[in-house]
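S.K.: The structure under discussion is supplied below as structure tokens; questions concerning it will follow.
Derivation of every value follows stated rules applied to the coordinates shown; laboratory data play no part. Remember, it's a predicted structure, so these values are computed and weren't measured experimentally. Counting neighbours? That spans all protein chains shown, and the Cβs are built from the backbone with ideal geometry, glycine included.
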């Protein structure tokens, strides 16, 4: 045996005895394989010791679980030791379901060592393999260990933050403070992400991102990311993946990257029901989810509802230079919302190589907001006008997602996947505005009715296959047919009269069809010295037809070639990555809808159906690895967008002192920055993690001056954000967690959007791994304040907004049922249950 192999064997035994990650690096996957955290086959992940093990065609497989039989031990390490030489001759790693498999085992006598951080290593002796006979080890139970690691931290431990080869994974199920909240509460704690008061998400300073749910798009996300996050309960989210350099397999949409929200799914056999409920000062929730698995069939059913209440207040002052009008507006508001999401899913194993999965999901949102707006306009320090308005806004939606998927496995690592999905989202954005007298008598009434429908039909096919031991090829195609319809009109009335059409604000509509057809090819290879290169090319053709009340809108079809390349180098305790990709950002429904939102007549907004997509080039370099008991990642990135979609504000030509805001492809955006984040294991029970994001943003675009002629303007500046979180496990099932974070002022073309800070504290008590009781509090010293400013050649504006969202809530969860692994009968030949999980890459 070569000297290098002896060194590798010794290292493997040392790490295995500590419950370490054997031959695998941080992230728990193959060195440099960015598409999945689980191994495709044992050949791709086994030790390169073929010269010392007997040749054969037998297989050894099994399931690794916690001794309580309640959870799988994800990414456990399995070493095969040849009894004759007493040395490891093969090895592999379990997937996220605890399953593992080793192939091409020759006849002979072996022992197996199973290990993972946080568990005591287990030796299975006297294993005899006969020629051609497979061996099913069944359920392997690991006992939890109190042993403390002094020099090694492994991200496979499912810590709060994991850095994998092509993505960052935030394990949301370990976040105690967000329990009882929604997805926005989870995303506020994820490195590189920022979430404002309304739930709008940005990645490294850009809101042009692609959000997937279980690797799939949804119309609720297409219509509004903020609304979609409100419909997803925090308790059902397993993890959040932040993919800053997606491969060609992914849609090219999302200039800054992709956020993939993975929901919890049962992978065990049997029946269980999970009850999650909570009650708080500002919000309450109730959820029930069940799983039933027997034989080849699995059924999942779930329902979740959440209601919340909040108050807000704010003030703004805006000055228009053309007429020297200064308008001061004060607002107070009450917000009430109810959100629900319900799902029914099936999966069925047609055979050992084929499976079907199907699902239906329904989401609903009811959001009412009442505001009192007091507006006073001054000219040359004298009062010019004053108005008081009582505004009631209704924001409702119902969404449906139906999917049918088929998976065909030819051999380990070689798969053909067909996916189809139909999505429908119906939205209503209405408001009533009553003009009041100083003594609160209604003078006149105004109503805006705005209905929207968003439909999507998606069909996709992907094929992946290994080429030898160090290469992999992927290719596929996808078609997405989108139809967006908006119909709006304005009504007016005097007190005690019926509403009539307001001819001064004509009705309108928008019919917008967008078809995207794509094909891609991706190739990956790994060198002997641990370099991994994954390159790909994606082609997308987009055709658009649109019409409004003025007639057809001429929007030419466009096609794009989207290259991507990811290079990683595995070092002893760290990974170095370099990536480049090109991304597309198509305009969304809110940016396209031409309906004038006049709920606040001094702050008018509307969309622009003539928007074109923006194109962005991204470069990223990062280094991540373990330093004693810390796991750190430092990333440097640069991004340039051409034809950028920006919000543009200007003085209204219909109402003195008012501001109108819409969207234009106004220019370019350049961003350079760095991210620093990591995990620190202070001891076996106490973890600390957090990060800092610093980037410099430059924007350039067109803005009309006082003479009405457009001029080139620019704005630039630094943005700094950060977060920190600490979790401590106490005795008898107790755990406490504290976190805090701040988002700095965000630089915009015409000014800056105010930053804000958040903090929370949570505690939870588990009872016999069946139930838990928790208490958490958010911003308990007061609400949040956000200050923003805007400056253009036509006007300036300063805004302060207050959210009184201090909250204290009690949560309770209870598990019913007995979930366990069911051992399989021993069989000969190929037995493959390698079905794609929710955490893998399904190519959306």
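S.K.: I need the per residue convex hull volume for region 381-440, using only the alpha carbons, in cubic angstrom as a whole number.
M.R.: Details: hull volume 10.4 nm³, N = 60.
Once divided by residue count, the hull of region 381-440 is 174 Å³.
S.K.: Among 390, 653, 405, which comes first, second and so on when ranked by fewest other beta-carbon atoms within 10 Å?
M.R.: Values: 390 16, 653 10, 405 19.
Exposure proxy ranking, most exposed first: 653, 390, 405.
S.K.: Just from the alpha-carbon atoms, what are the Rg and Dmax of region 398-500 in angstroms?
M.R.: According to the Cα coordinates of region 398-500, Rg and Dmax are 26.1, 82 Å.
S.K.: Could you put 547, 74 in order, starting from the residue whose Cβ has the fewest other Cβ atoms within 10 Å?
M.R.: Details: 547 14, 74 21.
Least to most surrounded, the residues fall as 547, 74.
S.K.: Same structure, new question: At q = 0.13, 0.14, 0.18, 0.19 Å⁻¹, what base-10 log of I(q)/I(0) does the Debye formula yield for region 244-401 when every alpha carbon is treated as an equal point scatterer in vacuo?
M.R.: Log-scaled intensity ratios, in q order: -0.90, -0.96, -1.15, -1.18.
S.K.: Among DSSP beta bridges lying fully in region 563-712, give the percent that are antiparallel, nearest 5.
M.R.: Values: 71 of 74 bridges.
Taking every DSSP beta bridge within region 563-712, about 95 percent pair in antiparallel fashion.
S.K.: Expressed as a fraction of 2.2 N^0.38 Å, the rule-of-thumb size for a compact globular protein of N residues, what is the C-alpha radius of gyration of region 545-592?
M.R.: Details: Rg = 20.2 Å, N = 48, 2.2 N^0.38 = 9.6 Å.
It is 2.11.
S.K.: If you project the alpha carbons of region 650-803 onto the principal axes, what extent comes out on each, in Å, largest first?
M.R.: Result for region 650-803: principal-axis Cα extents of 72, 34, 25 Å.
S.K.: What's the Kirkwood radius of region 348-469 in Å, using all Cα pairs? Mind showing how you got there, number by number?
M.R.: Working: mean 1/r = 0.0507 Å⁻¹.
Taking the inverse mean of 1/r over all distinct Cα pairs, region 348-469 comes out at 19.7 Å.
S.K.: Obtain the nm distance between the two label points defined at residue 55 and residue 642 by a simple spin-label model: each point lies 7 Å from its Cα along the Cα-to-C-beta direction.
M.R.: Result for the modelled spin labels: 5.6 nm.
S.K.: Jot down the per residue volume, in cubic angstrom and as a whole number, of the convex hull over the alpha-carbon atoms of region 590-705. Provide the component values of the computation, followed by the final result.
M.R.: Details: hull volume 19.2 nm³, N = 116.
Taking only Cα atoms, region 590-705 has a hull volume of 166 Å³ per residue.
S.K.: Tell me the Kirkwood hydrodynamic radius of region 619-670 in angstroms, computed as one over the mean inverse distance between distinct C-alpha pairs. Present the calculation step by step, with values, prior to reporting the outcome.
M.R.: Working: mean 1/r = 0.0665 Å⁻¹.
In region 619-670 this quantity evaluates to 15.0 Å.
S.K.: How far, in nm, would the chain grow between residue 541 and residue 789 when pulled straight, counting 0.36 nm per residue and subtracting the alpha carbon separation?
M.R.: Length gained between residue 541 and residue 789: 85.4 nm.
S.K.: Using only the alpha-carbon atoms of region 330-387 as identical scatterers, what base-10 log of I(q)/I(0) does the Debye formula give at q = 0.16, 0.29 Å⁻¹?
M.R.: Rounded to two decimals, the profile gives -0.75, -1.07.
S.K.: Shape of region 533-664 from its Cα gyration tensor (a ≥ b ≥ c, root eigenvalues): rounded if a/c is under 1.5, otherwise prolate when a/b > b/c, or oblate? Walk me through the numbers on the way to the answer.
M.R.: Values: a/c = 4.31, a/b = 1.92, b/c = 2.25.
Oblate.
S.K.: Note the full-extension length gain between residue 676 and residue 706 as 0.36 nm times their separation in residues minus their Cα-Cα distance, in nm to one decimal.
M.R.: Numbers: separation 30, 0.36 × 30 = 10.80 nm, distance 4.37 nm.
Gain in length upon complete extension: 6.4 nm.
S.K.: How would you classify region 462-518 from its alpha-carbon gyration tensor, with a ≥ b ≥ c the square roots of the eigenvalues: rounded for a/c under 1.5, else prolate if a/b is greater than b/c, otherwise oblate? List each step's numbers first, then the result.
M.R.: Details: a/c = 8.68, a/b = 5.05, b/c = 1.72.
Verdict is prolate for region 462-518.
S.K.: Label points 7 Å out from Cα along the Cβ direction at residue 344 and residue 139: separation in nm?
M.R.: So the label points at residue 344 and residue 139 sit 3.1 nm apart.
S.K.: Which FRET efficiency value, to the nearest 0.05, is calculated for residue 459 and residue 504 with the Förster distance at 35 angstrom and r the Cβ-Cβ distance? Please report the intermediate quantities before stating the final value.
M.R.: Details: r = 46 Å, r/R0 = 1.31.
For R0 = 35 Å, the calculated efficiency reads 0.15.
S.K.: Based only on other Cβ atoms within 10 Å, what is the fewest-to-most ordering of 494, 578?
M.R.: 494, 578
S.K.: Now for a different question. If you take the C-alpha gyration tensor of region 439-587, multiply each eigenvalue by 5 and take the square root, what semi-axes do you get, largest first, in whole Å?
M.R.: Working: eigenvalues 567, 81, 30 Å².
In descending order, the three semi-axes are 53, 20, 12 Å.
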